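Novice: Please read through the structure below; I'll follow up with questions.
The values are calculated or read from the model by the stated rules, or taken from the named source; none is laboratory data. Source: prediction; values computed, not measured. Every residue, glycine as well, gets a Cβ built from its backbone with ideal geometry; the counts of neighbours run over all protein chains shown.
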Ligand code: GDP
Ligand code: IMO
Ligand code: MG
């Protein structure tokens with residue numbers, strides 16, 4: 001089973017870190033292909049909890065080589081903070097490989113992210129403020145800085161000058177900020193490049209050679225399907241392709257090398273930041289889910305918006321990612337509910353939608369059509385076989401599977417590594 005892609009099926013924070021770790025202990029490479037340190041992936045091993053932002057979750061598995069692919073935007077300062085923090089806790093990060101072609105988040109990208117959001121006022125996206133959008137914008141505008149540029153002062157200076165030529169006009173004249181100094185920026189980036197050099201590699205070549213040798217590569221997505229720049233709830237999205245296709249463009253591995261696509265879904269839904277969210281709960285049940293599920297952002301600490309499971313979203317995720325398996329997480333959080341609503345379709349101005357509306361206005365106006373399943377009260381955190389779950393819990397999972405159009409292969413019953421029910425192997 002050489003090429004496995006793992007993506008978020010909802011609006012992020014589904015438990016991709018835990019799902020990656022579950023497989024990561026058995027694979028040879030774990031490669032991030034999109035996003036940057038806007039991600040916050042949690043891996044819990046025993047008493048230790050690791051919050052990973054830029055590093056692939058495979059860094060925790062001593063046998064996997066962690067790779068940051070070309071589709072990622074790398075903030076070198078954050079990368080070193082993360083490496084230092086992990087090494088202090090005894091995690092060896094020396095195996096890390098960073099694509100020479102990955103884009104760099106420079107300090108001015110962070111500044112622009114923040115001032116743009118402030119300027120947008122009520123129309124803000126609610127970004128993580130990490131410079132993600134501005135760094136991807138520069139990539140597309142062809143004024144971005146790549147990792148390999150940090151190793152050549154002449155090239156770097158030329159690129160920083162070009163980038164700042166326009167940005168300083170905007171910063172000073174539009175946002176009333178101080179201009180960014182070219183020399184200081186070049187110096188800072190050169191110093192970071194010096195430290196980054198030993199990790200830099202032609203990661204497309206490395207991954208393709210590994211796959212040709214029959215090694216297993218897990219492609220770990222950041223963000224999620226509904227935050228995808230093409231397929232998500234545009235404009236309330238991130239600036240990359242977290243969907244499965246992004247694994248190919250974001251690592252330089254062709255689609256013929258991908259054997260499996262795993263979508264990670266919560267047994268309910270959360271979202272951080274702005275944008276439409278049909279099943280969002282504004283009543284005490286929203287509060288209840290947030291409290292039971294500890295729904296606060298790993299990256300920004302923001303409270304997550306909470307709602308019931310949305311099967312329209314999951315069917316859509318099955319479609320746009322070509323999902324072969326779903327890992328359903330946080331089922332334990334629903335324990336104690338008398339009944340559990342599931343959104344099976346939308347009502348948009350009296351018209352029923354079984355599939356995702358592509359029109360932004362229709363999606364914003366979508367009212368969930370619910371069906372209700374009976375809940376359960378038994379503690380499920382120690383259950384390891386599907387048949388041992390309470391009958392109503394089994395029925396809930398089976399219904400989600402049917403509505404999602406994809407089999408549920410693993411079920412999360414708690415944050416720990418062993419809080420998992422494996423229904424079908426994720427590796428064979
Ligand atoms: P990611 O961004 O998709 O990796 O997800 P996050 O790490 O941002 O958020 C998921 C949170 O849920 C983390 O705190 C995990 O430790 C936790 N978690 C993951 N799976 C489960 C589960 O099955 N049950 C419970 N109770 N918590 C889980
Ligand atoms: P993981 O990988 C949840 C959201 C932000 C905002 C929008 C754009 O942990 O699931 P950006 O900073 O990317 O320009 O912000 O995307 N967002 C996430 N929400 N989980 C994430 O990552 C996210 N990464 C970005 O809240 O709404
Ligand atoms: Mg997260």
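Novice: Considering only segment 25-45, how many residues are more than 18 Å from residue 98 (Cβ to Cβ) and either within 9 Å of ligand 1 (Cβ to nearest atom) or touching a residue at least 40 places away in the same chain (Cβ under 8 Å) (or both)?
Specialist: Residues flagged as more than 18 Å from residue 98 (Cβ to Cβ) and either within 9 Å of ligand 1 (Cβ to nearest atom) or touching a residue at least 40 places away in the same chain (Cβ under 8 Å) (or both) within segment 25-45 amount to 7.
Novice: Can you confirm whether residue 142 is touching a residue at least 40 places away in the same chain (Cβ under 8 Å) and either within 16 Å of ligand 3 (Cβ to nearest atom) or farther than 20 Å from residue 35 by Cβ (or both)?
Specialist: no
Novice: Turning to a different aspect of this structure: If only one of 191, 179 is assigned by the TED database to the domain that holds residue 138, away from ligand 3 (no atom under 16 Å from the Cβ), touching a helix residue (DSSP H, G or I) at 6+ places or on another chain (Cβ under 8 Å) and farther than 29 Å from residue 308 by Cα, which one is it?
Specialist: Criteria check complete, one pass: 179.
Novice: Please enumerate the residues belonging to segment 260-294 that are without any contact (Cβ under 8 Å) to a residue 40 or more places away in the chain and part of a loop (DSSP other than H, G, I, E, B).
Specialist: 281, 282, 283, 294
Novice: Limited to segment 29-67, what total is found for residues that are within 15 Å of ligand 2 (Cβ to nearest atom) and within 22 Å of residue 225 (Cα to Cα)?
Specialist: 22
Novice: Now for a different question. Looking for something in contact (Cβ under 8 Å) with a residue 24 or more places away in the chain, buried (at least 19 other Cβ atoms within 10 Å of the Cβ) and closer than 22 Å to residue 53 by Cβ - is there at least one such residue anywhere in segment 178-187?
Specialist: no
Novice: Only helices (runs of 4 or more DSSP H) wholly contained in segment 147-226 count here; list those with 1 or more residues that are closer than 25 Å to residue 116 by Cβ and modelled with pLDDT under 95.
Specialist: Filter on segment 147-226 gives 153-169.
Novice: Follow-up. Just to confirm my filter: which strands (runs of 3 or more DSSP E) fall fully inside segment 328-405 and include at least 3 residues that are at pLDDT below 95 and closer than 22 Å to residue 288 by Cβ?
Specialist: Passing ranges: none, list empty.
Novice: Right, next: Identify, from the list 333, 351, 383, the residue that is buried (at least 18 other Cβ atoms within 10 Å of the Cβ) and under 26 Å from residue 226 (Cβ atoms).
Specialist: None of the other options fit; the residue is 333.
Novice: Modelled with pLDDT of 95 or more and away from ligand 3 (no atom under 16 Å from the Cβ) - does that describe any residue in segment 296-307?
Specialist: yes
Novice: Out of all the residues in segment 12-19, is one or more buried (at least 24 other Cβ atoms within 10 Å of the Cβ), at negative phi and more than 10 Å from ligand 2 (Cβ to nearest atom)?
Specialist: Scanning segment 12-19, I find at least one residue that is buried (at least 24 other Cβ atoms within 10 Å of the Cβ), at negative phi and more than 10 Å from ligand 2 (Cβ to nearest atom), so the answer is yes.
Novice: Take residue 152 and tell me if it is under 21 Å from residue 74 (Cα atoms) and out of contact with any helix residue (DSSP H, G or I) (no Cβ under 6 Å at 6 or more places or on another chain).
Specialist: yes
Novice: Looking at segment 351-367, I want the residues that are outside the structural domain of residue 229 (by the TED database) and have a partner that is exposed (fewer than 15 other Cβ atoms within 10 Å of the Cβ) and at pLDDT 95 or above with Cβ atoms under 6 Å, at least 6 apart or on another chain. Which pairs are those?
Specialist: 367/347
Novice: Against the definition (surrounded by fewer than 24 Cβ atoms within 10 Å (Cβ to Cβ) and modelled with pLDDT under 95), how does residue 47 come out, yes or no?
Specialist: For residue 47, the condition - surrounded by fewer than 24 Cβ atoms within 10 Å (Cβ to Cβ) and modelled with pLDDT under 95 - is met.
Novice: For segment 301-326, name all the residues that are closer than 22 Å to residue 239 by Cβ, surrounded by 16 or more Cβ atoms within 10 Å (Cβ to Cβ) and either within 13 Å of ligand 1 (Cβ to nearest atom) or assigned by the TED database to the domain that holds residue 245 (or both).
Specialist: 304
Novice: Here's something else I'd like to know. Within segment 194-219, count every residue that is at positive phi and touching a helix residue (DSSP H, G or I) at 6+ places or on another chain (Cβ under 8 Å).
Specialist: Final tally of qualifying residues: 0.
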